[in-house]
Every structure is written in structure tokens, then in C-alpha cells.
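The values are calculated or read from the model by the stated rules, or taken from the named source; none is laboratory data. Every value quoted in this text rests on a predicted model; they were computed, and no experiment measured them. Note: ideal-geometry Cβ built from the backbone for every residue, glycine included; neighbour counts use all protein chains shown. Only protein heavy atoms, including side chains, enter the accessible area calculation; ligands, DNA and RNA are left aside. Shrake-Rupley method; radii C 1.70, N 1.55, O 1.52, S 1.80 Å.
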Amino acid sequence: MIKKFIRRVLRFGSGSEPRTVPKAQHGIGREAISQGSRKVCEVLHAQGHQAYVVGGAVRDLLLGLRPKDFDVATDAYPEEVHKLFRRSRLIGKRFKLVHVMFGEETVEVSTFRARTPAETDEHGRVLRDNIYGTREDDSIRRDFTINALYYDPASETLLDYHNGLRDLQRKSVRIIGDARARYREDPLRMLRAVRFAAKAGFSIDERTRKPIRELAHLVGNVPPSRVYEEMQKLLLSGHAATGLRELRSEGLHHGLLPLLDVIFEQPMGERFVTLALEQTDSRVRSGKSVSPAFLFAALLWHEVLAAWKKAEQRGLKPIPALFEAMDTVLDIQTDKLAVPRRLTAVMKEIWALQPRFEQRSGRRPFGLLAHERFRAGFDFLVLRSGSGEAPEELAQWWEKFQHSGEAERQAMLMAPQPGERKGRRRRRRRHKSASPPPDPAQA
Ligand code: ATP
Ligand code: MG
């Protein structure tokens, strides 16, 4: 018994052998691997190095999905890899990697990591990780068993250290090692667990899931840009509706979009967010493009509405109140999530267009129609009316207006609302274009 135990420990310490699975069993031929990653492996092999396709690409191929990109792991150091490929870049300081470019494709090449990270913060979070190890060490450092499969394009064999193939079959997301310790090292792994489960329709293994609720707050220590990247992957995975529901049920939405909780609690907000997510998912699944700015604008709209109302109650006029509300909401959110500035600018435009859809007299509708963001603004209005927050009739009017000829459009125009300015008074400010002058609060 003791002997057996010692043998087990020794075996672990000196590098246990992976299960080696031939092509006849796993079915992936090298033609399934991208040209770039195949080339990277060939060149590294020719130099006497090990090189494997790893991570998401192998997982996705085994699931019959099309991989987004291909990552390669090798025992060559980043500097060596960089020297071998003319079109490559060394990136990252804390986690050095090499990007090798082949036409449109970028292959991310990482060097096998050592078993223990080099430097951690007071919560155990990994700060620096440039100590290298063996292939087995590297496999232990990966997050989930299904992400730790190594594919060798030369022999077409698959190396499985942690029963990743079994977990794929069981449809289970299982963390490698002790879940608590692994989440402390990198709290984003909690979010990743939810993302992979949602994307593949898997469930999260019980021991992997259990500590999440308790450790969810650690996500707050992760740099916002990394959180944003991971959130964006989740939102654009084609399974955002399920993913967010899961995040919420694991208590993980706090600190990501801190106000999501509030949103889901208002019946109108929940309907709106659900509609937006479903629409995004179906676009992603049918291969259409989606705009992250539009989606974030939708996720936060009901917060903007609430803040808008408050600002008006304090006596601000509607438009300045809306602009103040947008800033309030974005300040809170960007703190945690680091929504990039190029997105917040578009989000604000989409929001700011909404009151303009109510103006249906004079030249104003024509100006709105010519606006650069009309399409996004209109799609947003359609979502609002679909959730009952804006009148359906308004969205229908704009649907018809944009597809009508000039004469029909003229006939559709409405009489100015009582109190509505006729609109041309500000011409003396020398706005020559057909579009209406900017909102006072914007000027
Ligand atoms: P996808 O590209 O579909 O988002 P992926 O699994 O390829 O999924 P990446 O973020 O591209 O995810 O990471 C590639 C691989 O690197 C992962 O499969 C995993 O093995 C490893 N990895 C990534 N992030 C972590 C992490 N936070 N902790 C441990 N291993 C990680
Ligand atoms: Mg990947």
C-alpha cells in the first residue's frame, strides 16, 4: 500500500506519461489544422524542438466546431521562435509569447510553462510567468482538462494528460488541479469555465463549480482590460444569453457589469437585455457581424434610462439630463470593465439618437436618416419597442419612412408637437447641411 503510494508520488514528481491517442481513435487528420500552425510545427520540429497544436483549436475540432484560431506550444524559447520566423513578433512582458503571421492568419506560440508561476500577488494571483518547464508541466498549468490536449501534426497523435477526452465525451468542464488554488492564481478562469460551458453546451463539473460563488469577488482584482476581453468573448460566442444567465446564477456578474443585477430585476430591463442577447446570438450563429458597442449599449440602456429620469427629477432639461446620465453610467461601468473608448463613443451616439426618433416633423427625420449611426440607432429603437419600452408604432413609422420615396416621406411627416420648435430658428448659427444642429448638450 505504502509502496504503491510512493510509486504514485514518484511518478507524479518525475513526469507522468500522457495517454497517447492515435488518429484512428480521435479522427483528426493534419489537414484539419490551419496552414500556419502546421508550418510553425514543421519548422520547430526541423530544428529539433517539440511543437504541438494545443488549447481551444484541438477542443473545437474534437467537438466538430470550426476553431477561431490555432495556438502552438513548444519547448523552444520565445526568442528562438521569434528568430525562426521572419514575420513574427515577441509580445507580452509578464507572459511572453510569439505571434507568427502567415497572410491573414496569426499563430500564437507559447513556450511550455513551468509547474509553478514565477510571481504572484497577495491573493495568489499570477503576475509574472516566464519560467519554462516540460510539456507535462505546461499541461498542468492549463485551465481545463478539455483545453489541455496536445496534437502533433507530424504523427497525428493526441496527448492527453488529464482525461480531457473523457471530459469531452461527458460534456464536462473540469479544472486541472485544485479549483480554489487555480481560481486564486487567475480569477478569470471562473468566467472562462462559464464561457466554455455555455459555448459547448457542457455542464461545469461539481468540484470546479462549487468554489466559484465564494471566490467570485476576486475577479475584481483582475486588470479591467483582461476582464473586458473575456466578457467580449462570452458576449460574442453565439451563446451569450445562456452565458449571462449562468454568470448570474454563479454570482459572477458582480463587478463585471455591476449593474446587470439591477437590470435583470426590472421586468422591462430583463426583457430588453434578453432580446438583445438573443438577437446577437442568432447573428453570430448565422455568421453575421455584430457590433460590441451596440451590445454594450443595450446591456446598459436601462441604467441610462434610470439615471436619466433621476437627472430630470433634479430639474435638468431632457437632453442635458440624458447626457449626464450616459456619463454617470459609463463612469461606473468602465471602472470595472474597461470598455474601450472607441466603443463608449459609439454607445453614446446610439443612446443620444433615441430621443431624436420622436421628432417626426419638419426636416428633422431627414437629418436623422442621413446620420452615420442611423442604422444602429434604428435597430436599437426596434429592440426598445420589442421590449415594450418604446411605442411599436414609432419603430414601424421609421421602418416605413426609411424605405419610402420622397413624396411618401413628405406625406408621412407629422405636425410639430406643441412646444416643439419649428426647427429652423437656429439656422443663423450657419448650419448649412440638411441635418439638424447638434444637441445643445453636445455642443
Ligand atoms: P477560445 O479561443 O475559443 O476562446 P481557447 O481555449 O483557445 O478558447 P485562449 O484564451 O485562446 O482560449 O487560450 C488558449 C489556451 O491557453 C487554452 O485552451 C488554455 O489551455 C490556455 N489558457 C488560456 N487562458 C488560460 C488561463 N487563464 N489559465 C490557464 N490556461 C489558460
Ligand atoms: Mg484560442
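Taking the stated definitions as given, is residue 119 charged (D, E, K, R) and modelled with pLDDT of 95 or more? Outline the logic, then answer.
Working: charged (D, E, K, R): yes; modelled with pLDDT of 95 or more: no.
Considered against the rule, which asks whether it is charged (D, E, K, R) and modelled with pLDDT of 95 or more, residue 119 comes out as no.
Among the listed residues 321, 345, identify the single one that is buried (at least 16 other Cβ atoms within 10 Å of the Cβ) and of a type in the set (A, V, I, L, M). Answer to the check: 321.
Could you check region 149-178 and list, in sequence order, the residues that are of a type in the set (S, T, N, Q), assigned to a loop (DSSP other than H, G, I, E, B) and more than 29 Å from residue 243 (Cα to Cα)? Answer for region 149-178, where residues must be of a type in the set (S, T, N, Q), assigned to a loop (DSSP other than H, G, I, E, B) and more than 29 Å from residue 243 (Cα to Cα): just 155. Scanning region 185-203 for residues that are more than 19 Å from the chain's Cα centre (by Cα) and at pLDDT 95 or above yields a single hit, 203. Across region 203-231, the qualifying residues are those that are assigned to a loop (DSSP other than H, G, I, E, B) and open to solvent by 20 Å² or more (accessible area, probe 1.4 Å), and the one among them that is nearest to residue 335 (Cα to Cα) is 223. The strands (runs of 3 or more DSSP E) found entirely in region 73-144 that carry 1 or more residues being more than 17 Å from residue 54 (Cα to Cα) and open to solvent by less than 50 Å² (accessible area, probe 1.4 Å) are 88-91, 97-102, 126-128.
Go through region 50-72 and give me each residue that's within 16 Å of ligand 2 (Cβ to nearest atom) and open to solvent by 30 Å² or more (accessible area, probe 1.4 Å).
Filtering region 50-72 for residues within 16 Å of ligand 2 (Cβ to nearest atom) gives 52-63, 65-72.
Hits for region 50-72 are 61, 62, 63, 65, 66, 68, 69, 71.
The set of residues from region 159-202 being within 22 Å of residue 125 (Cα to Cα) and aliphatic (A, V, I, L, M) comprises 173, 175, 176, 179, 181, 188, 190, 191, 193, 194. Here region 268-284 is the region considered, the condition is being at pLDDT below 90 and farther than 21 Å from residue 344 by Cβ, and the residue that is most open to solvent (accessible area, probe 1.4 Å) is 271. If I filter region 191-202 for residues that are surrounded by fewer than 19 Cβ atoms within 10 Å (Cβ to Cβ), away from ligand 1 (no atom under 12 Å from the Cβ) and not assigned by TED's automatic domain parsing to the domain that holds residue 84, do I get at least one hit? Yes: region 191-202 contains one or more residues that are surrounded by fewer than 19 Cβ atoms within 10 Å (Cβ to Cβ), away from ligand 1 (no atom under 12 Å from the Cβ) and not assigned by TED's automatic domain parsing to the domain that holds residue 84.
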